[in-house]
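Take a look at the structure below.
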Amino acid sequence: MVAWLAALLVITLTRSQVAESPWLMVHLLLLGAVTNAIFVWSSHFAGALDPSKPWHGRLMAAHIMTNLLGWVGLTVMGTLVTLWPTMLRTRIAENAERVARQALPVLAGSVIVAVSGALFGLRAVAAIGVAGYLAGFLWAVRPLAQVARAKAPAAYATWSVMAAVIWLFGSLPGLVVVLVGSPTWLQASDWLGLLVMPLAAGFAAQILLGAMSFLVPLVLGGGPTILRGTQARMDSGNALRATVVNAGLVICLLPVPAKVRALV
Ligand code: HEM
Ligand code: HEM
């Protein structure tokens, strides 16, 4: 808080030279100093009360599902409807648009059920939500699998995206098992930690790398010859890279010593 207030003082004194100084002054005070104070002192007082404990697991589950299944998952599944066939340089499956329209309410509704279940402390309801999400995922992924069968992924970008979608697929039953199998929310939040690596690195990071490997050369442009060159460079060592990333992630999930995990 002292640091934000000091920054506020500096900006106030130099405001005529600083672009966006009105926004900065408002937010160094309200977002920087005041909001930080709210976080720090809320946590301090909540810690003093302590029976706020079972909420940790509930909030953690709700947070992970809101962000990874909702924010990232829905975006990815929606974007791949057109991006995936584009990346494979093939035509979109005939039924893709209809399937996507059907899958969206299932996926979005399932996130709401899963997150509500977690917030209300009902692990079975949360698990039903994730199972529903898995059903929506399996429905949505059919047209994507269809085009991949017609034109197999062969570049780093498409392998990375495909691997990411497989990690999401593998993580969802894991999430159901954690929610159903944990006797308490404390246990659930412990076991949820096991799914963070597959979901964050396996799914989210690989989607990002795959999509960017495809999109960045297009955005950089420079004409067809330069574009082909950029794409070729983005694709160099493709099989090795995709294998190292995914084998590394699999090893990370095995009960290996911490040093091995850090290395892979
Ligand atoms: C990551 C968090 C935040 C972001 C990204 C953000 C962003 C913005 C933006 C883009 C504007 C409009 C600026 C303009 O067009 O002039 C604005 C205005 C404002 N924000 Fe935020 N804000 C955040 C958090 C907060 C918080 C926590 C508070 C208060 C506790 C706050 C209070 C205000 C006020 C009072 C204004 C109006 C300022 C004016 O009229 O000059 N903001 N904010
Ligand atoms: C302003 C936004 C965010 C805030 C303030 C925030 C805050 C937090 C906090 C405090 C934790 C730690 C919980 C604990 O261990 O007790 C956490 C964990 C986590 N958050 Fe966020 N988060 C934000 C956005 C996101 C987003 C956008 C994602 C995913 C797309 C995300 C994914 C996760 C995951 C997967 C964990 C679990 C990490 C682990 O088990 O070590 N968060 N977050």
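Quick one: length gained pulling VAL219 to GLN187 fully straight, 0.36 nm per residue minus the C-alpha distance?
Between VAL219 and GLN187, full extension yields 6.9 nm more.
Along each of the three principal axes of the Cα atoms of the stretch 1-136, give the extent in whole Å, ordering the values from largest to smallest.
Between the extreme Cα coordinates on each principal axis of the stretch 1-136 lie 62, 46, 19 Å.
Using packing as a proxy for protection, rank 63-75, 8-20, 237-249 so that the peptide with the highest average count of other Cβ atoms within 10 Å comes first.
In descending order of packing, they fall as 63-75, 237-249, 8-20.
Anything in the chain that counts as a DSSP H helix reaching 20 Å or more along its axis (C-alpha) with Kyte-Doolittle mean of at least -1.0? List them, would you?
Membrane-span-like by this rule: 35-49, 96-119, 123-150, 156-181, 206-220, 238-253.
Quick one: in the chain, what % of C-alpha pairs are over 35 Å apart?
Tail fraction, whole percent: 36.
For the peptides 37-45, 214-222, what is the packing order when you average, over each peptide's residues, the other Cβ atoms within 10 Å and list the highest mean first?
214-222, 37-45
For the chain, what does the helix formula give at 222 nm: sum of -39500 (n - 2.57) over DSSP H segments with n ≥ 4, over the residue count, nearest 500 deg cm²/dmol?
Only helices count here, giving -24500 deg cm²/dmol.
Taking 0.36 nm per residue of separation and subtracting the Cα-Cα distance, what length does fully extending LEU138 through LEU208 add?
Result: 23.1 nm gained on full extension.
Starting from the 7 Å offset along Cα-to-Cβ, what nm value, one decimal, do you get for the label separation of PHE39 and LEU122?
3.2 nm
Divide the volume of the convex hull of the Cα atoms of the stretch 48-205 by its number of residues and quote the answer in cubic angstrom per residue.
95 Å³
Mind ranking 180-187, 129-136 by how tightly packed they are, going by the mean number of other C-beta atoms within 10 angstrom, highest first?
In decreasing order of mean packing, 180-187, 129-136 become 129-136, 180-187.
Report the label-to-label distance for TRP71 and ARG241 in nanometres (one decimal), using points 7 Å from each Cα along the Cα→Cβ vector.
Output for this residue pair reads 2.6 nm.
Every read-out reported here was derived from the displayed coordinates using simple, explicitly stated rules and does not represent laboratory data. This structure is a prediction, so every number in the text was calculated from the model and none was measured. Cβ atoms come from the backbone with ideal geometry, glycine included; neighbour counts cover every protein chain shown.
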